[in-house]
Amino acid sequence: MVGAWLLLWGGLALGCRGETAFLRRADDSTGHCTYSFTVASPVEATCPDAGRVTELRAELAALAARLSRLESRERVTGGSGPRGGEAGGARDSQQAAPATRLEAAYGGHWTPDRGIGVWGGNGPAWSPPRAARAGTAVRGTGSAPAHPAPGPAAAPRWDPQPLTYQELQSERTEVPVSRLLEETALGRPGSEDSAGCGELVWVGKPVVFGRAESIAGKYGVWMKDPEPVPPFTRETTWRVDAVGTEVRQLFQYEAAEQLAQGYPAKVHILPRPLESTGAVVYHGGLFFQPRRSRTVARYDLRGEAVTAEREIPGAGYHGQYPYSWGGYTDIDLAVDETGLWVIYSTEKARGAIVLSKLDPETLEIRRTWETNIRKRGVANSFVICGTLYTVSSYSAPNATINFAYDTATGTSRALSIPFENRFRYLSMVDYNPAERQLFAWDSFNMVTYPIRLSRP
């Protein structure tokens with residue numbers, strides 16, 4: 001009976017375009033489902049725009065087709081058709097809820113301009129969303145009322161939604177190749193691209209491994225041996241809290257995880273107090289500057305005794321040529337892929353950084369390079385693959401690696417590699433060639449920086 005009722009409603013709609021419309025659904029005497037629409041008439045005595053009858057008839061034809069599909073769908077789900085036997089009462093109750101929802105859905109979304117309901121006009125064909133079939137509200141540009149999930153005896157859910165749209169957007173983001181390389185494992189231990197030496201091209205975000213809780217740990221040094229000797233391993237971690245006039249304690253941890261917990265496996269008491277944060281651990285020994293001297297000493301970690309000591313000729317000490325942050329950082333030791341280095345300055349060099357290669361057993365100076373980089377003008381320095389790199393600031397949050405001096409060519413160049421001082425008091429930076437990372441001490445915090453080297 002859909003066609004007959006559409007003709008009746010069509011007459012009302014063509015007679016005048018009202019401001020509201022209401023849908024009613026009921027079973028007629030033959031048991032068929034029928035739909036009736038009520039349209040409020042405007043106050044005009046006659047209706048203008050009678051010339052739109054052809055357009056409205058086309059829209060009504062489209063509506064008739066869609067309502068036919070609706071009736072077919074309802075018949076499949078048991079919502080319409082002849083009543084019979086004992087199922088009649090249950091089916092009545094099942095039909096009542098969908099009819100109410102249809103009325104509510106249509107009643108509030110009439111389109112006066114087109115004189116037709118939600119499904120009228122040339123809008124897109126409607127298909128019940130999966131979420132709506134499951135009884136879940138679907139949110140698009142507008143919002144649809146949510147209905148509780150049906151009980152075991154309830155009719156299958158089919159919730160027609162108002163004419164709303166889910167706006168799907170496709171966004172394209174252009175990512176520079178350099179950024180993709182930064183986020184890969186390049187430069188990390190064990191990766192194919194980390195083999196061999198190269199130039200430093202990137203320093204990542206700092207990762208915190210531990211924190212000193214006392215004032216003695218405001219600045220300090222922590223390290224791992226890239227070439228350990230038994231019973232120590234590459235996981236054995238060492239730490240010195242460097243605040244104080246008698247710094248003698250060297251804390252030993254079985255792994256970095258133990259360092260984070262703050263419980264050392266052993267505490268070594270050095271026979272002489274060390275000065276500042278320039279110490280390193282290499283090939284089974286702790287190399288450090290004894291307090292108030294221009295010498296470098298080797299403390300054997302297994303024998304727990306000083307096995308070598310040598311003066312660095314002309315080296316400033318105890319505040320003569322420190323880094324910009326101070327801390328008596330006149331003599332700084334470093335380790336890279338090629339061995340042991342000492343970084344300092346002399347009166348002859350007039351405060352410029354002097355770099356010397358040391359024999360790790362005897363501490364004899366093998367060769368020396370004098371750079372044109374002012375030691376007081378940089379916050380710290382380290383050596384990678386025979387090249388000295390300097391950090392611009394110990395306190396600026398967005399510092400840079402600002403200079404490089406290549407010992408192979410004897411030349412320096414300016415750089416601008418971003419370097420983050422997260423805690424804004426960088427007192428130590430060293431390179432670990434085994435892990436291909438920078439170790440640093442930043443205001444009580446022991447951190448590492450991932451790095452990337454160019455291909456050799």
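The values are calculated or read from the model by the stated rules, or taken from the named source; none is laboratory data. As the structure is a computational prediction, the values presented were derived from the model and not from experiment. Positions of Cβ are backbone-derived with ideal geometry, glycine not excepted, and every protein chain shown enters the neighbour counts. Note: accessible area is taken over every heavy atom of the protein model, side chains too, but ligands, DNA and RNA are not part of it. Shrake-Rupley method; radii C 1.70, N 1.55, O 1.52, S 1.80 Å.
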Return the pair list, or none, for Cβ contacts closer than 8 Å from residues in the range 243-264 that are farther than 15 Å from SER214 by Cβ and of a type in the set (S, T, N, Q) to residues that are at pLDDT 90 or above and in a strand (DSSP E or B), at least 6 apart or on different chains. THR245/PRO273; GLN252/THR237; GLN252/TRP238; GLN252/LYS266; GLN252/VAL267; GLN252/HIS268; GLN258/THR237
Given (1) among the aromatic types (Phe, Trp, Tyr); (2) assigned to a strand (DSSP E or B); (3) without any contact (Cβ under 8 Å) to a residue 40 or more places away in the chain, index of the condition PHE423 fails: (2)
Need a quick list: strands (runs of 3 or more DSSP E) entirely within the range 262-357 having at least 2 residues that are among the β-branched types (Val, Ile, Thr) and open to solvent by 10 Å² or more (accessible area, probe 1.4 Å). 266-274, 305-311
Across the range 329-363, the tally of residues that are touching a Pro at 6+ places or on another chain (Cβ under 6 Å) and on the phi > 0 side of the Ramachandran plot stands at 0
For the range 249-261, how many residues are open to solvent by 30 Å² or more (accessible area, probe 1.4 Å) and outside any strand (DSSP E or B)? 5
Does TYR431 count as in contact with an Asp or Glu (Cβ under 8 Å, 6 or more places away or on another chain), surrounded by 15 or more Cβ atoms within 10 Å (Cβ to Cβ) and under 19 Å from THR236 (Cα atoms)? yes
Checked the range 227-248 for anything assigned to a strand (DSSP E or B) and either of a type in the set (Lys, Arg) or within 14 Å of LEU274 (Cβ to Cβ) (or both); matches are TRP238, ARG239, VAL240, ASP241, VAL247, ARG248
Please specify each residue of the range 413-422 satisfying the condition of being more than 20 Å from the chain's Cα centre (by Cα) and either among the aliphatic types (A, V, I, L, M) or surrounded by 15 or more Cβ atoms within 10 Å (Cβ to Cβ) (or both). ALA414, LEU415, ILE417
In the range 243-256, residue nearest to ARG298 (Cα to Cα) [restricted to those that are of a type in the set (A, V, I, L, M) and either modelled with pLDDT under 95 or under 30 Å from the mean Cα position of the chain (by Cα) (or both)]: VAL243
Selection status of GLU246, under 23 Å from ALA308 (Cβ atoms) and surrounded by fewer than 18 Cβ atoms within 10 Å (Cβ to Cβ): yes
Taking the criterion of being over 23 Å from the mean Cα position of the chain (by Cα), farther than 25 Å from GLY314 by Cβ and surrounded by fewer than 20 Cβ atoms within 10 Å (Cβ to Cβ), would at least one residue in the range 367-382 satisfy it? no
Examine the range 297-311 for a residue that is β-branched (Val, Ile, Thr), touching a strand residue (DSSP E or B) at 6+ places or on another chain (Cβ under 6 Å) and over 22 Å from TRP441 (Cα atoms), and state whether such a residue exists. yes
Residue by residue through the range 197-226, note down the ones that are touching a Gly at 6+ places or on another chain (Cβ under 8 Å), surrounded by 14 or more Cβ atoms within 10 Å (Cβ to Cβ) and assigned to a loop (DSSP other than H, G, I, E, B). CYS197, ALA212, TYR219, ASP225
Return the pairs, sorted by first residue and then second, in which the second residue is of a type in the set (D, E, K, R) and outside any loop (DSSP other than H, G, I, E, B), the first residue lies in the range 390-407 and is at negative phi and open to solvent by 40 Å² or more (accessible area, probe 1.4 Å), the beta carbons are less than 9 Å apart, and the residues are 6+ apart or on different chains. TYR394/ASP442; PRO397/GLU420; ASN398/GLU420; PHE403/ARG413
